[in-house]
Every structure is written in C-alpha cells, then in structure tokens.
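*Asks:* First the structure, which I've put down as structure tokens, then a few questions once you've had a look.
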Amino acid sequence: MKAGLSLEVKNLSTTFETPLGAVTAVDGVSFDVHPGEVLGLVGESGSGKSVTLRSLIGLIHPPGKVTGQVTWNGQDLLSVPPGRLRRVRGGEIAMIFQEPMTALNPVLTVGLQVEENLRAHTALDRGQRRARAIELFDLVGIPDAKRRLENYPHQFSGGMRQRVMIAIALASNPKLLLADEPTTALDVTIQDQILKLILSLRDELQMGVVLVTHDLGVVAGTCDRIAVMYAGRIVESGSVLEIFDGPRHAYTRGLLASVPQAGAERGPLLAIEGTPPALSALPTGCAFGPRCSFANDACRATRPELAEIGPGRQVACLHHETVAASKGQFA
Amino acid sequence: MHLLLYVLRRIIQLIPTLLFIALVVFLLVHLLPGDPASAMLGDRALTADVNRINHELGLDRPLPVQFLLFLRNLLHGDLGRSIQLHQSVVSLIEQRLPVTILLTVMSALVAVVLALPLAFVAALRRDREADVLIRGTFQIGLSMPVFYIGLLLLTFFGAYLRWFPVGGYGDTFASHLYHLFLPALTLALSLSAVLMRNLRQAILSVIGAEYVDFARAKGLPARLVLLRHVLRNALISTVTLFGLQIGTLLGGAVVTETVFAIPGAGRLMIESIYGRDYPVVQGTTLCLAVVVSLTFLLTDLIQVMLDPRLSR
Ligand SMILES: Nc1ncnc2c1ncn2[C@@H]1O[C@H](COP(=O)(O)OP(=O)(O)OP(=O)(O)O)[C@@H](O)[C@H]1O
Ligand SMILES: [Mg+2]
C-alpha cells in the first residue's frame, strides 16, 4: 500500500474575462482532502464546481486567471514547473470530466487513449499496457474489452464513454481523484458498481476523492465530508452526518429538502425558489439573500464570511443558529 | 477490408464522372471558334484545301459520330495524333505529364512545409506579433497573381543572384528538382497561404476542445497533445481544402510552365490550344482532369483514415 497525500486548497479564485466584464466563477474557496477521504462537492448548476476542479490542475485557459494556493506533496500546483505538473496530472491526480460525449478524442481508438496515460506515468511495456487496459475495461464494466479497445468513441454509448473515461482516469492508480459527476450517464446499477469501484480504490490506494454530484443520495452513500457551493463560494462544509442532520445554511437546507425521502409519499420535489444570480450581477451582501427566507437588512449589507462553528464544521451565514433552530419548517 | 471496398466503390463511381469530362472536353474543343486546317494553312488558305484537311482529320463527320469514334479510340488507349507535332498524343503526354506532376507534387510539398509550422506558430501566438506578421505576409502573397510572383522570384533568385536557373528542365532527376524549385515555390506560395489560414483556424477551434483538455489532464507532454490530439483533428478540414486546391494548383502549373519555359503538359496544352491541335487539347485536358479526379479520391481516402467517423 502506498502512503497517501493530502491536498490543501487555500483561497482559490478563478476569474474569467467576459463581454460583460470579469466574472469570478470561483471566489476564495478553501478545502482539504486527506488520503482515503471522499469530499462531496455539491451545489446548483453554475455554482463553480467544475471550474474549481479544473483550476486545481491548471486546466483554465488564459485569459482565465487562477489565484490562491493548491498545495500537493509540498508544492503549490499553481506555480510548479510544467514538467512537474505533467507528472502530477493523470499520474498522481486524475480527473473524470463531466461531459463524456466530448471528453474523448473522436479520431483515436479508446485503447490508445487509455494507453497513452499508462505510457506517460508507468514503466509498463506495450504488452503490459494492453493487458492493463483490458483489466481496466473489465473493472469499469465494459464487456468484450479486448475487441472494444480497437473501437473509436463514436462506437460507444454515452454511458460506455463515461466508463472509458473513468478507466482512463484510474489507469495509473492516482492518489487523488477529481470526479466531476462521474455517474450521470449511467443507470442505477452501473452507478452503484462504479461508486463501489472508486471506494475500493480509495481503501486500497488510500486515494482521496473529490466527488462532484447533484445527487445527495450518492453523497450520503459515499462521502465523508461535504462542501456546498453557491455562486462560486463554499457556503457550508462539514461531515456528511452533521450536515444531513442539521444544515446550518438555508441553501443547504433547501438542497436537502429537495431530495425525496426514502419511504415518504412521492410528492413533487421541493425545489429552492428562484434561480442563482448571474455571476456578473451578484447582489451586495449574501449572494443567496434574495432567495432566502431568513434574510434581513444585515444580510443585504455585508457578505458573510465562511466561519468555523465547530471542529471541521464551517458555515457562511449570519443566521446559522436561527436556521439550525428552525427545524421542520421546510420538510 | 472496409477501406478496400470503399476504394473500389469510389473508383466505380469515377467512371461516369470521367465520361462526362470526356464529353465536355470534346464539346469544348469542337465548339471553339477556328479550326485546325485554317490554323495550319494560314488565313489565306483555299476552301478546297481546308475541306481536304478537315476530311483527312475526320472533322467533316457529324459531331455525335466524332464523339463515339473519340470514345472508341479512348478505350483502346488511343488519343489520336498531334496535327502539329506529328506524334501520337499518348507519347506526347507520356513525355510531358510527369513533368507537370513532379512540379505539382513539389509545390504541394513546399506549400505544406511552409504552412504547417507557420499555422502552429500563428495559432499558438494568436493575435500577437508572430501571428500578425505571418498572416500579413501571406495576405500579401495571396493578393499577387501567380505569374507575377513567378517573375519576381525569377528576376531575383534566377537572374540577379543566379542561385537557380531561369528556365528549362535539365536532364537528370536531381537537375529536374533544381530547375523546378523556383517554379514550385511560385506555385506553392498562394496554396500555402490558403492552407495556413485554414489550418490556423482549425487549430484554434480544436485547441479549446474538451478532449484536448482531457489529454492535458492525463499529463501528456505538450508536444504529444499538439501533434496527436490537436493536429490530427485540425487536419481533417485542411486535407479537404488541400484536395480541392490541387485543381487550382494544376491550373497554376499551366501558367508557371509558360513563365519558366518548362516542357510540361500545361505548356503543351496552351500551345496546342493556340495551334488548334484538337487531339492534343483533348488528350491533355482529359489527362489533367483524370489527375484531379484521382487526387480527389486520394483526399477522400486520407480523410477517411484521419476521421474514423466517416468510414461507413
Ligand atoms: N471559460 C469560461 N469563460 C467564462 N465563464 C466561464 C468559463 N467557464 C465557466 N464559466 C462560468 O463559471 C461558472 C461556473 O461554471 P461551472 O462549470 O464550474 O459550474 P458547475 O457548478 O460545474 O455547474 P454544473 O452543475 O452545471 O456542471 C458558470 O457561470 C460558467 O458560466
Ligand atoms: Mg460542472
């Protein structure tokens, strides 16, 4: 068993230039991922989850700008030399992209796309790489692996492409997996199987995982901790147990309330009223304020900072105690 | 196997195209004003002489009959005899076409060698000095007519610096290459400008693709990301354009052969048009058309090999 490594993210911000001016898609985000730990990153569409993951391994294109610190193995990934970054990418830190339909190169066989990762990060020879590729396809549940390696992405369904991408990401036994909605295109049984696979690798390799998902059921089943993002910031974080048990941010409460409870009557989903603000027109004060039933003038005047309210438990809300005390108001 | 079937199908599809080309070539030549007899005998020829020669050449028969005869001979590999040069057209083409093909291949190579790296530099330095300089230079090259560029190169490198011969073809293969260098460069400039512009754009549209980011996320060396993931995809559209441009290149070769006094099929064609040498005009035009059709076929094949999505 290899020793795991920790990722420490401090004050990560990512800014894009747009025709409407600069927008900050990720705004001062900090979190840690320890070896063998699964961190769930949740939040509505556009809250900055994918941009956060991409920023960690330098996949933001200029003129997009990333600032802050991403410490990995004693080095800041935002300023390491390109050669070092290359060794980290795909070898130590692997990423599963959100969109399986566009993440594979259409003109190369999937076999080559698996093998090039192995070639970059392992000392395996040709035959061994092929054997490993077949093994990986078996692991992620692609039948007839040997023959399928010769195929091109357009010969696979969306779910199969997602599995190919997962196989590529896991190829070189990464120490940290950044998984951006890795199971959206998969049906429930396969989804379960893939999540089990990720968890078994976590145990076997002490692999840390950042799991982006919309599915709070998946979070409950797989994650150790959660960070909730809203409009580019983390608004609440803590252990899965604590947060499911007593959310301290109205937005988290809303998210949890929108999950149909097992055994409960199948009613309409309780969505959070309103829509997230445009990044180019964030309200002053709390970004969630306009949608929040707890908000008052204080919320509109100052933006609440993410504050420690217990060991490993943080929230960015002026009224988090009121939120915690008002149990039952939603569900 | 797939590919072989595809090639066969494409070759069979080529037959009606070639028939049509033969018809068009035939009609063009026969509907042109003037006739070979007057061209041979001069303006003051007697009508009786003109008629006699036209009869000898079979030109007094009805057009459809002439066309069928033309086709029949074509099937036997007989393109007739040159009226002016007193040689079989096939042997003339055998002498001259390789020259034109060598010139075209050389210019295509020069164009690619120029366009490929410069397109990369321009794309990777988008809107910075290098990009602006490269695009500006090519834009100037593109806006000048081929024969003018030819004359400029000829004057400077040929007559002034005396690095290259000012015309002719030489008699060994090495001296062919030497003689054809300036003409090939002349022809290549506008093609490389077109290719460069297209490839630069294609690279820019591919370089932000998700699969390129995914390749970077695998930790591949930058060179591999560019060549395997960016270039291969970008080339698909450029290869198509390249194939289409081969026709233009051959057209340019006709002019260039004249400027540089190269004994190629293009010059043969021009001379035979002036001389109303019908069989030669027909033969050369047909051959050049076949060459263009075959390049289109080749282009399609390369495309299928580059883009697996097309192979069915
Ligand atoms: N290259 C870019 N240029 C400008 N804006 C961008 C760019 N990439 C992302 N954004 C913006 O950043 C914000 C966050 O996007 P991101 O993809 O991280 O959202 P997400 O949380 O992953 O959403 P989803 O759940 O839909 O995947 C969005 O408003 C998006 O429009
Ligand atoms: Mg996303």
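The values are calculated or read from the model by the stated rules, or taken from the named source; none is laboratory data. All of these numbers come straight from a predicted model, not from anything done at the bench. Backbone-built Cβ (ideal geometry, glycine too); neighbour counts: all protein chains shown.
*Asks:* Would you pick out the residues in region A:150-171 that are crowded, with 21+ Cβ neighbours inside 10 Å and outside any helix (DSSP H, G or I)?
*Replies:* Start the filter on region A:150-171 by keeping residues that are crowded, with 21+ Cβ neighbours inside 10 Å, which leaves A:153, A:160-171.
Correct list: A:A171 only.
*Asks:* Could you list, in sequence order, all residues of region B:54-66 that are part of a helix (DSSP H, G or I), under 35 Å from the mean Cα position of the chain (by Cα) and surrounded by 12 or more Cβ atoms within 10 Å (Cβ to Cβ)?
*Replies:* B:N54, B:L63, B:Q66
*Asks:* Let me confirm something: among B:R232, B:R216, which residue is within 14 Å of chain A (Cβ to nearest Cβ), surrounded by fewer than 23 Cβ atoms within 10 Å (Cβ to Cβ) and more than 22 Å from B:M305 (Cα to Cα)?
*Replies:* Values: B:R232 fails: more than 22 Å from B:M305 (Cα to Cα).
Going through B:R232, B:R216 in turn, the sole match is B:R216.
*Asks:* Take region B:260-303 and flag every residue that is of a type in the set (V, I, T) and in a loop (DSSP other than H, G, I, E, B). Write out each step before concluding.
*Replies:* Within region B:260-303, the subset of a type in the set (V, I, T) is B:262, B:270, B:273, B:280-281, B:284-285, B:290-292, B:295, B:299, B:302.
B:I262 - this is the single residue of region B:260-303 that is of a type in the set (V, I, T) and in a loop (DSSP other than H, G, I, E, B).
*Asks:* Moving to a separate point now. Out of all the residues in region B:192-209, which are crowded, with 17+ Cβ neighbours inside 10 Å and either out of contact with any Phe, Trp or Tyr (no Cβ under 8 Å at 6 or more places or on another chain) or closer than 30 Å to A:R161 by Cα (or both)?
*Replies:* B:V194, B:N198, B:L199, B:R200, B:A202, B:I203, B:V206, B:I207, B:A209
*Asks:* Right, another one. Can you go through A:G90, A:G141 and tell me which one is at positive phi, facing another protein chain (nearest Cβ under 9 Å) and touching a residue at least 12 places away in the same chain (Cβ under 8 Å)? Break it down into steps so the answer makes sense when it comes.
*Replies:* On the way: A:G141 fails: facing another protein chain (nearest Cβ under 9 Å).
Of the residues listed, the single one that is at positive phi, facing another protein chain (nearest Cβ under 9 Å) and touching a residue at least 12 places away in the same chain (Cβ under 8 Å) is A:G90.
*Asks:* Among strands (runs of 3 or more DSSP E) lying entirely in region A:1-54, which contain 1 or more residues that are over 15 Å from A:V66 (Cβ atoms) and among the small types (G, A, S)? Show your work before the answer.
*Replies:* Values: elements: A:7-18, A:21-33, A:38-42.
In region A:1-54, A:21-33, A:38-42 are the strands (runs of 3 or more DSSP E) which contain 1 or more residues that are over 15 Å from A:V66 (Cβ atoms) and among the small types (G, A, S).
*Asks:* List every residue pair whose Cβ atoms lie under 9 Å apart, where the two residues are 6 or more positions apart in sequence or sit on different chains, the first residue falls within region A:28-53 and is more than 16 Å from A:L77 (Cα to Cα) and within 14 Å of chain B (Cβ to nearest Cβ), and the second residue, located anywhere, is more than 8 Å from ligand 1 (Cβ to nearest atom) and modelled with pLDDT of 95 or more.
*Replies:* A:S50/A:F97
*Asks:* Follow-up question, since we're still on this one. So A:L56 passes all but one of these: (1) at pLDDT 95 or above; (2) more than 16 Å from ligand 2 (Cβ to nearest atom); (3) within 14 Å of chain B (Cβ to nearest Cβ). Which condition number does it fail?
*Replies:* (2)
*Asks:* I would also like to ask the following. Within region A:55-82, restricting attention to residues that are part of a loop (DSSP other than H, G, I, E, B) and in contact (Cβ under 8 Å) with a residue 40 or more places away in the chain, which residue is nearest to ligand 1 (Cβ to nearest atom)? Give the steps one after another, and end with the answer.
*Replies:* Just the residues of region A:55-82 that are part of a loop (DSSP other than H, G, I, E, B), to begin with: A:57-64, A:73-74, A:77-81.
Checking which are in contact (Cβ under 8 Å) with a residue 40 or more places away in the chain leaves us with A:57, A:60, A:63-64, A:73.
Values: A:I57: 14, A:I60: 7, A:P63: 9, A:G64: 6, A:N73: 25 Å.
Looking at the filtered set, the residue picked out is A:G64.
*Asks:* Between A:G68, A:G74, which is over 16 Å from the mean Cα position of the chain (by Cα) and surrounded by fewer than 17 Cβ atoms within 10 Å (Cβ to Cβ)? Explain how you work it out, then say what you get.
*Replies:* Working: A:G68 fails: surrounded by fewer than 17 Cβ atoms within 10 Å (Cβ to Cβ).
The conditions single out A:G74.
*Asks:* Within the group A:L136, A:L85, which residue is within 14 Å of chain B (Cβ to nearest Cβ) and within 25 Å of A:G221 (Cα to Cα)?
*Replies:* Details: A:L85 fails: within 25 Å of A:G221 (Cα to Cα).
Every option except A:L136 fails the conditions.
*Asks:* Quick check on A:E115: is it over 21 Å from the mean Cα position of the chain (by Cα) and either part of a loop (DSSP other than H, G, I, E, B) or within 14 Å of chain B (Cβ to nearest Cβ) (or both)? If you could, list the steps in order and put the result at the bottom.
*Replies:* Details: over 21 Å from the mean Cα position of the chain (by Cα): yes; either part of a loop (DSSP other than H, G, I, E, B) or within 14 Å of chain B (Cβ to nearest Cβ) (or both): yes.
Here the answer is yes, as A:E115 does meet what is asked.
*Asks:* Right, another one. Can you name every residue in region A:210-234 that is within 13 Å of ligand 1 (Cβ to nearest atom), under 20 Å from A:E308 (Cβ atoms) and hydrophobic (A, V, I, L, M, F, W, C)?
*Replies:* Within region A:210-234, A:A227, A:V228, A:M229, A:I234 meet the criteria.
*Asks:* Something else about it: Just one of B:V194, B:V259, B:V212, B:V255 is within 21 Å of A:P153 (Cβ to Cβ) and among the β-branched types (V, I, T); which is it?
*Replies:* Numbers: B:V194 fails: within 21 Å of A:P153 (Cβ to Cβ); B:V259 fails: within 21 Å of A:P153 (Cβ to Cβ); B:V255 fails: within 21 Å of A:P153 (Cβ to Cβ).
Unique residue meeting the criteria: B:V212.
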